[in-house]
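K.L.:
I'd like to ask some things about the structure below.
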Amino acid sequence: MKKVKKTRAVVAAPVAPPQRAAAPAPTRASGVWPGSIPLESFYTAGLGGQIFFQALKERGELVGTRCKGCKQVYVPARVFCERCFVELNEQVKVKAEGTLASFTFSFYDRDGARLGEPLVLGLVKLEGATTVLLHRLLKVGDPARVRIGARVKAVIKPKAERVGSILDIEGFVLAQAG
Amino acid sequence: MAGQPKSVRGTPLEAKDLHGGKTFTTSYVPRIYYAWDTGEAIGRYLEELKQGRLIARFCHRCQRTMIPPRMFCERCFRANDDWVYVQDTGRVNTFSLCYVSWDVQRLEEPEIPAVIEIDGATPGTGIMHKLGNVNPKDVRVGMRVRAVWKPAAERTGSITDIAYFEPMEEGGKGGAAKARPAKRSRG
Amino acid sequence: MGMRRVAVVGAGMTKFMRRALETPKELAWQASKAALDSCELYLEDMDGVVLGTAPDAFDGLHMKGEYLSDGCGGWKKPYLRCYVGGGTGVYAIAQAWFHVASGLFDTALVVCEEKMSSCLPHPQAAFLTIFDNITEQPLKPNLLWIFALEQNRYMSRHGITNEEIARVAVKNKRNALDHPSAQLGAKLTVKEVLASEIMAWPVHRLMVSPTSDGAAAVVLAAEDVARGLTDKPIWIQGVGWCLDTAYWTNRDLYYPEYVEKAAWMAYRMAGVREPRKEINIAEPYDPFAYKELHHLEGLQLAPKGKAPQLLADGVFDRDGDLPACPSGGLLGVGNPIAAAGTMKICELFWQLRGEAGKRQVPGKPKRGVAQAWGDLMQVGTVVVMGTE
């Protein structure tokens, strides 16, 4: 290994020494300074998002795009495939129902406050899609019925209430007794 | 395939495209709050500001008197040596007349930010502050200025305990607003 | 030095826009795809990916590097995010360069992206955080202050006038009229620039580059790979970067020492001894008009304080002795923070291959220098590129 050459410390030519201040008084040496960063973030849905939210808003449909080469159907729709990087032009309408790939019961909100009723979240594999979608599970009666593999159906808001948001989907409910 | 691409992608939007429901958008206001430790050096700096004084640190090796103070010298990378009071007067190193506020609002009267080289610190060592009580047309690089302090009861331990720096004649003395303790040389 | 030679073999970019419909991820993909298409390569041909992008606060996306990764081709690849203020756009090329020069990777895709329009009320507000949180922010500063303070110092030390500085805006915005991605190409006169509203004296509105959305990308390849891909590889002859202290009020802002140091690091690597003679084309960073002059001096392409005179003499025009910002620069093309520097790299790539179309500088340039800058008036990042 190459030996590191030590450099000699260079001391600058002295200047007239400044008058020294008193030693610090015996109070705490550091304080706390509060601050914040005032920002609002504003997001466009993008090219893929426009396709997905347009279909959801206008027709109450869930639309993805297909990459033939990679055998993927991405929901929400995307304009490029992350795996092979081609542009995706083929739109695919997927069913508004599927199975639970995973789920969780959250007992705390985002600020760490305890929730009265747990928030139930699911990763839904819609029929026809190769991706999973995060959303809420609604009207969960018996928690034991929430299982990986359970069939779920989307609850889509009536057209008059839809604005082109992921919340145009109210959530998912467990399909009939299973 | 030689040559730059014949067409470039990108879909420009006008501000008006964001209304009317055709472009889908969401927004989010993050709640980001901090409680920063001021540290040894700035902690002392703020305490001294509350007392109506400016304090600096001295490095023996570099022979530099540094303001804002810091506990180590960033040039020779060793812990530095002494606390040193400096004066609340100085010279304008550079300035601007700004007609736009931090949140992009137009201002009638300009704010006058400046870098002020502080007397007693190594030449070229300054702090940022604002100039006041001066006609913007009269501000010059090299101008002598002095701090105008808020009354003691209004000082909180912040750089804003100095309300602004105002012009001062050559050879003038600082500390106009309030009487300050004389420089001590204990310890 | 025992390192392999590395060439740029492809380049691509999006439009630079005030406000894009595309998500940041889509912008990154558009630029990356364009770069790959330009050299007929596919994502699977890339051994690694380097991404440059500015703080998450602008796009409003935490862990922005991870978010952007699929748009950059980072899926299941070695992936690196770097950031050094506005210097990022050139710095990312240096980062990718040593990926390949070291022998660890044969190819690398470099992508830089920014979507500043996401930041409300105005991206400028996010810049508040560059000032010291305790000793400076209580004064409610804004980004314009720091540029105006630096411009005033530069003018004051050398006796330079605002008319001389305004010429940079005239030149660059006119050059940008020939750039397909340009946001602010325009035919202006010095008088019009100085008639534009004073933002923070001495800075006038037409001397300030815009906030922008956009992305740019280049493909790097090791020598043997590059020669198989193109008969005009553009070699990265030297890289340099240097950072000065964040105590910006403790240094004299009239001259960017850190740009000089970064430049010599790159020039030494490239074997350049007399930059003014050996560099044929320059893309210095121009977020504000005076900055181009400031940086040309730091890059050793003009003596201290003399860049304005050389500009007035036409030396830096597209058909001058040493064209500077033939692309149109940030002032004309746009300033999506990280992508802006990469736009300059793309420009040198096209110029040195003779493919810059209407922007082509005459005389078959052989060697160029791209430079970016950023942070608290702090960082210089430099890349020297050439045909040999």
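K.L.:
Regarding C:Gly89, is this residue in a loop (DSSP other than H, G, I, E, B) and out of contact with any His (no Cβ under 7 Å at 6 or more places or on another chain)?
P.N.:
In short, no.
K.L.:
Further question: With respect to A:Arg78, determine if the residue is on the phi < 0 side of the Ramachandran plot, touching a helix residue (DSSP H, G or I) at 6+ places or on another chain (Cβ under 6 Å) and of a type in the set (Lys, Arg).
P.N.:
In short, yes.
K.L.:
Go through the range B:70-80 and give me each residue that's part of a loop (DSSP other than H, G, I, E, B) and either aromatic (Phe, Trp, Tyr) or facing chain C (nearest Cβ under 10 Å) (or both).
P.N.:
Passing the criteria: B:Arg70, B:Glu74, B:Arg75, B:Phe77.
K.L.:
Can we say B:Glu48 is in a loop (DSSP other than H, G, I, E, B), acidic (Asp, Glu) and surrounded by 12 or more Cβ atoms within 10 Å (Cβ to Cβ)?
P.N.:
no
K.L.:
Sticking with this structure for a sec: For residues that are surrounded by 17 or more Cβ atoms within 10 Å (Cβ to Cβ) and out of contact with any strand residue (DSSP E or B) (no Cβ under 6 Å at 6 or more places or on another chain), scanning just the range B:24-43, find the one that is nearest to A:Ile166 (Cα to Cα).
P.N.:
B:Phe24
K.L.:
Given the conditions (1) touching a helix residue (DSSP H, G or I) at 6+ places or on another chain (Cβ under 6 Å); (2) surrounded by fewer than 19 Cβ atoms within 10 Å (Cβ to Cβ), which single one is not true for B:Pro69?
P.N.:
Of (1) touching a helix residue (DSSP H, G or I) at 6+ places or on another chain (Cβ under 6 Å); (2) surrounded by fewer than 19 Cβ atoms within 10 Å (Cβ to Cβ), only one is false for B:Pro69: (2).
K.L.:
Got a sec? Which helices (runs of 4 or more DSSP H) wholly within the range C:1-83 have at least 3 residues that are surrounded by 20 or more Cβ atoms within 10 Å (Cβ to Cβ)?
P.N.:
The qualifying helices (runs of 4 or more DSSP H) are C:24-38, C:56-59.
K.L.:
Let me ask something additional. Report, by residue number, each residue of the range C:136-188 that is out of contact with any helix residue (DSSP H, G or I) (no Cβ under 9 Å at 6 or more places or on another chain) and outside any helix (DSSP H, G or I).
P.N.:
C:Gly159 - this is the single residue of the range C:136-188 that is out of contact with any helix residue (DSSP H, G or I) (no Cβ under 9 Å at 6 or more places or on another chain) and outside any helix (DSSP H, G or I).
K.L.:
Go through the range A:106-147 and count every residue that is farther than 30 Å from A:Arg78 by Cβ and touching a residue at least 24 places away in the same chain (Cβ under 8 Å).
P.N.:
Going through the range A:106-147 one residue at a time, the tally reaches 4.
K.L.:
Right, next: Test C:Ala370 against the stated conditions and say whether it is part of a helix (DSSP H, G or I) and under 16 Å from C:Gly52 (Cβ atoms).
P.N.:
Judged against the criteria, C:Ala370 is not a match.
K.L.:
Taking the range B:111-126 as the region of interest, how many residues are without any contact (Cβ under 8 Å) to a residue 60 or more places away in the chain, more than 7 Å from chain C (Cβ to nearest Cβ) and over 14 Å from the mean Cα position of the chain (by Cα)?
P.N.:
Matching residues across the range B:111-126 total 3.
K.L.:
Filter the range A:26-60 for residues that are surrounded by fewer than 16 Cβ atoms within 10 Å (Cβ to Cβ) and at pLDDT 95 or above; which is farthest from the other protein chains (Cβ to nearest Cβ)?
P.N.:
Ranking the candidates gives A:Arg59 first.
K.L.:
Filter the range B:125-142 for residues that are closer than 26 Å to C:Ile130 by Cβ and assigned to a loop (DSSP other than H, G, I, E, B) and give the result.
P.N.:
B:Thr125, B:Gly132, B:Val139, B:Val141
K.L.:
Being more than 11 Å from chain A (Cβ to nearest Cβ), of a type outside the set (A, V, I, L, M, F, W, C) and more than 20 Å from C:Lys33 (Cβ to Cβ) is the filter here, so list the residues in the range C:79-133 that pass it.
P.N.:
Answer for the range C:79-133, where residues must be more than 11 Å from chain A (Cβ to nearest Cβ), of a type outside the set (A, V, I, L, M, F, W, C) and more than 20 Å from C:Lys33 (Cβ to Cβ): C:Tyr83, C:Gly85, C:Gly86, C:Gly87, C:Thr88, C:Tyr91, C:Gln95, C:His99, C:Ser102, C:Gly103, C:Asp106, C:Gln124.
K.L.:
A follow-up question, please. Give me a count of the residues in the range C:30-54 that are of a type outside the set (Gly, Ala, Ser) and under 20 Å from the mean Cα position of the chain (by Cα).
P.N.:
Residues meeting the conditions: 5.
K.L.:
Go through the range B:81-90 and count every residue that is more than 12 Å from chain C (Cβ to nearest Cβ), part of a strand (DSSP E or B), crowded, with 19+ Cβ neighbours inside 10 Å and of a type outside the set (Phe, Trp, Tyr).
P.N.:
Number satisfying all stated conditions: 3.
K.L.:
Moving on. Condition first: closer than 30 Å to C:Ala246 by Cα and buried (at least 20 other Cβ atoms within 10 Å of the Cβ). Now tell me which residues in the range C:348-381 satisfy that.
P.N.:
C:Gly368, C:Val369, C:Ala370, C:Gln371, C:Ala372, C:Trp373, C:Gly374, C:Met377, C:Gln378, C:Val379, C:Gly380, C:Thr381 - these are the residues of the range C:348-381 that are closer than 30 Å to C:Ala246 by Cα and buried (at least 20 other Cβ atoms within 10 Å of the Cβ).
K.L.:
Now, a different point. Every residue in the range B:94-106 that is over 22 Å from C:Met155 (Cβ atoms) and either assigned to a strand (DSSP E or B) or not hydroxyl-bearing (Ser, Thr, Tyr) (or both), please.
P.N.:
B:Trp102, B:Asp103, B:Val104, B:Gln105, B:Arg106
K.L.:
Among the candidates B:Ala56, B:Ala35, single out the residue that is in contact (Cβ under 8 Å) with a residue 60 or more places away in the chain, part of a strand (DSSP E or B), more than 30 Å from C:Thr211 (Cβ to Cβ) and not aromatic (Phe, Trp, Tyr).
P.N.:
B:Ala56 is the lone residue from the list that is in contact (Cβ under 8 Å) with a residue 60 or more places away in the chain, part of a strand (DSSP E or B), more than 30 Å from C:Thr211 (Cβ to Cβ) and not aromatic (Phe, Trp, Tyr).
K.L.:
Continuing with the same structure: Checking C:Gln151 against (1) over 26 Å from B:Ser158 (Cβ atoms); (2) over 20 Å from the mean Cα position of the chain (by Cα); (3) within 11 Å of chain B (Cβ to nearest Cβ); (4) of a type outside the set (Asp, Glu): exactly one of these is not met. Which one?
P.N.:
Every listed condition holds for C:Gln151 apart from (2).
K.L.:
Got a number for residues in the range C:42-62 being over 20 Å from C:Met343 (Cα atoms) and either touching a residue at least 12 places away in the same chain (Cβ under 8 Å) or more than 11 Å from every other protein chain (Cβ to nearest Cβ) (or both)?
P.N.:
Here the count works out to 8.
K.L.:
Same structure again: Give me the pairs, please: first residue somewhere in the range B:38-52 and at the interface with another protein chain (Cβ under 7 Å from one of its Cβ atoms), second residue anywhere and assigned to a helix (DSSP H, G or I) and of a type in the set (Lys, Arg), beta-carbon distance under 6 Å, and either six or more positions apart or on two chains.
P.N.:
none
K.L.:
Assuming C:Arg19 fulfils every condition listed in (1) in contact with a Gly (Cβ under 7 Å, 6 or more places away or on another chain); (2) within 13 Å of another protein chain (Cβ to nearest Cβ) apart from one, which condition is it?
P.N.:
(1)
K.L.:
Output the number of the condition that C:Pro210 fails; it satisfies all remaining conditions of (1) within 14 Å of chain B (Cβ to nearest Cβ); (2) at pLDDT 95 or above.
P.N.:
(2)
K.L.:
Quick check on B:Trp149: is it closer than 16 Å to C:Pro138 by Cβ, of a type in the set (Phe, Trp, Tyr), crowded, with 17+ Cβ neighbours inside 10 Å and modelled with pLDDT under 95?
P.N.:
Against the criterion (closer than 16 Å to C:Pro138 by Cβ, of a type in the set (Phe, Trp, Tyr), crowded, with 17+ Cβ neighbours inside 10 Å and modelled with pLDDT under 95), B:Trp149 does not qualify.
K.L.:
Let me ask something else about it. Checking A:Val94 against (1) touching a helix residue (DSSP H, G or I) at 6+ places or on another chain (Cβ under 9 Å); (2) more than 11 Å from chain C (Cβ to nearest Cβ); (3) more than 21 Å from C:Tyr42 (Cα to Cα), only one condition comes out false. Which one?
P.N.:
(1)
The values are calculated or read from the model by the stated rules, or taken from the named source; none is laboratory data. Only a predicted model underlies this, so the values are computations on that prediction, with no experimental measurement involved. Every residue, glycine among them, receives a Cβ derived from its backbone with ideal geometry; neighbour counts consider all protein chains shown.
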